1. Scanning the range 147-198 for residues that are of a type in the set (Val, Ile, Thr) and closer than 24 Å to GLY118 by Cα, which turns out surrounded by the most Cβ atoms within 10 Å (Cβ to Cβ)?
2. Restricting to the range 204-235, and then to whatever is of a type in the set (Gly, Ala, Ser) and part of a loop (DSSP other than H, G, I, E, B), can you tell me which residue is nearest to VAL158 (Cα to Cα)?
3. Name every residue in the range 63-75 that is among the small types (Gly, Ala, Ser) and surrounded by fewer than 24 Cβ atoms within 10 Å (Cβ to Cβ), in order of residue number.
4. Is it the case, given these coordinates, that ALA261 is among the small types (Gly, Ala, Ser), in a helix (DSSP H, G or I) and over 18 Å from the mean Cα position of the chain (by Cα)?
5. Out of ALA302, ALA324, ALA340, ALA328, report the one residue that is over 28 Å from LEU31 (Cβ atoms) and either at pLDDT 95 or above or assigned to a helix (DSSP H, G or I) (or both).
6. Across the range 366-385, what is the number of residues that are modelled with pLDDT under 90 and either in contact with a strand residue (DSSP E or B) (Cβ under 9 Å, 6 or more places away or on another chain) or closer than 30 Å to THR262 by Cα (or both)?
7. So, of the residues in the range 240-290 that are under 19 Å from ILE362 (Cα atoms) and either of a type in the set (Ser, Thr, Tyr) or without any contact (Cβ under 8 Å) to a residue 60 or more places away in the chain (or both), which turns out to be surrounded by the most Cβ atoms within 10 Å (Cβ to Cβ)?
8. Would you mind finding the one in MET210, MET182, MET215 that is farther than 30 Å from SER319 by Cα and touching a residue at least 12 places away in the same chain (Cβ under 8 Å)?
Amino acid sequence: MDFQFSPEETKLQQDAAAFCLREIAPGAQVLDGCLPEAACALVRENLKALGAEGLLDTGRAGSGPDMVRHYIAGEEIAKACPATFLSARASVFLCAGAIDLFGTEEQKARYLPSLLKGETVGALAYSEDQAGTDLGGIKTRAVKVGDTWLVSGTKNLVVNAPIADVLLVLALCGEGPENGAMGLFIVEKHAEGLSIGKGAETLGLRGLPMAPLVMDGCVTQGLLGDAGGRGFSQAETLLSLGTVGITALCVGIGTAGMELATGPARSRTAFGKRIGLFQDVGFKLADMFAYNDLGRMLGLRAAWGMNQGEPEAPVMGASAKLFASEGAMKIVNWGMQIFAGHGYLSGSGIEKLFRDAKFGEICEGTSEMQRSLIAAAELDRWVRA
């Protein structure tokens, strides 16, 4: 494995960093405190700007998305504004990515161009109150009436639900319990039988458009792809690949936290010298760097493995998400300690990152779930040996 970026990857990183610093980062604190309607409008503007800059369409590697380029662009967007990154990821990686991987040529032609330009917004709706990330526990069901699939059920915490133009909804197919096969169904925003619930009020990532979907005989545009019964495996593939994106989110937050924390470490003095020269503060800065750099290496290693089709790439992704998410929490906590009382104040920046970072340990498989997946894979490895 080559540990250096290609010239094209280096250019992507530099261009993404410069653009996000200039165009996305200034609105991050505003997004954290504005009203829902204004937040939705700002996120849509950000997605359109990222699309116009070419940062939403990061290309392909073989038959799937280029996960290394996805990671590179994702970390820079997340560093600038975690909420904007998660909205972009839901629209482009989860929704457009699913259409690209599993959709028919007609579906790709209809939806992908505008999604990849940020002109329309997508979402993936899979989680339910009683199931969480246990895809086998969902109750939302689709029934075919004539040539039309109608979906009924409720999805919780759907990122982009308030602003989505197109949604992919995971549902059981058929009427009886014996019909346990699932499908991903395409639902457009003005579909009959679709309603969007009240926007979620969250600890962090304030401004991220997120709300439940309620569907009562919701009229769909049909199944994603040309055959049913594949929804479970399709959603599992997306969530497995998605660990790279959550790793990028967490490393981006960690990098932003380190940059903030070095400010008071350099400028504040105590007992006649800069606080960064005290061992306790210096050790915190060293640990912050080590955790973040290791998280980045794990994320890129997993992304590279996914591009290569390595069988153990899903475990690499789980390891990267686990380490980077818990590392981000450590980093922003240490950063707040360096800020001292000022870090606890609203508007300090580090308190926002502290609230945002917690999401990484919970979303799309908690840390406990990642540990279980990794442990099972390691046990199987030693049995085979």
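1. As a first pass, look at the range 147-198 and keep what is of a type in the set (Val, Ile, Thr): 148, 151, 154, 158-159, 163, 166, 169, 186-187, 196.
Filter once more, so that each one left must be closer than 24 Å to GLY118 by Cα: 158-159, 163, 166, 169, 186-187, 196.
Values: VAL158: 24, VAL159: 26, ILE163: 22, VAL166: 24, VAL169: 29, ILE186: 24, VAL187: 24, ILE196: 17.
Here the residue is VAL169.
2. Going through the range 204-235, the residues of a type in the set (Gly, Ala, Ser) turn out to be 204, 207, 211, 217, 222, 225, 227-229, 231, 233, 235.
Now narrow it down to the ones that are part of a loop (DSSP other than H, G, I, E, B): 204, 207, 222, 225, 227-229.
Numbers: GLY204: 15, GLY207: 14, GLY222: 20, GLY225: 22, ALA227: 25, GLY228: 23, GLY229: 22 Å.
Per the criteria, the residue is GLY207.
3. In the first step, residues of the range 63-75 are kept if they are among the small types (Gly, Ala, Ser); the result is 63-64, 73-74.
Selection gives SER63, GLY64.
4. On the way: among the small types (Gly, Ala, Ser): yes; in a helix (DSSP H, G or I): yes; over 18 Å from the mean Cα position of the chain (by Cα): yes.
Yes; evaluated as a whole, the condition is true for this residue.
5. Working: ALA324 fails: over 28 Å from LEU31 (Cβ atoms); ALA340 fails: over 28 Å from LEU31 (Cβ atoms); ALA328 fails: over 28 Å from LEU31 (Cβ atoms).
Result: ALA302 is the single residue among ALA302, ALA324, ALA340, ALA328 that is over 28 Å from LEU31 (Cβ atoms) and either at pLDDT 95 or above or assigned to a helix (DSSP H, G or I) (or both).
6. Number satisfying all stated conditions: 0.
7. Residues of the range 240-290 that are under 19 Å from ILE362 (Cα atoms), as a first pass: 240-254.
Subsequent filtering for residues that are either of a type in the set (Ser, Thr, Tyr) or without any contact (Cβ under 8 Å) to a residue 60 or more places away in the chain (or both) retains 240, 243, 247.
Numbers: SER240: 18, THR243: 30, THR247: 33.
Filtering the range 240-290 for residues that are under 19 Å from ILE362 (Cα atoms) and either of a type in the set (Ser, Thr, Tyr) or without any contact (Cβ under 8 Å) to a residue 60 or more places away in the chain (or both), the one surrounded by the most Cβ atoms within 10 Å (Cβ to Cβ) comes out as THR247.
8. On the way: MET210 fails: farther than 30 Å from SER319 by Cα; MET182 fails: farther than 30 Å from SER319 by Cα.
MET215 is the lone residue from the list that is farther than 30 Å from SER319 by Cα and touching a residue at least 12 places away in the same chain (Cβ under 8 Å).
The values are calculated or read from the model by the stated rules, or taken from the named source; none is laboratory data. Just so it is clear, the structure is predicted and the values come from calculations on it, not from any experiment. Quick reminder, even Gly has a Cβ in these numbers, built from the backbone with ideal geometry, and neighbours come from all protein chains shown.
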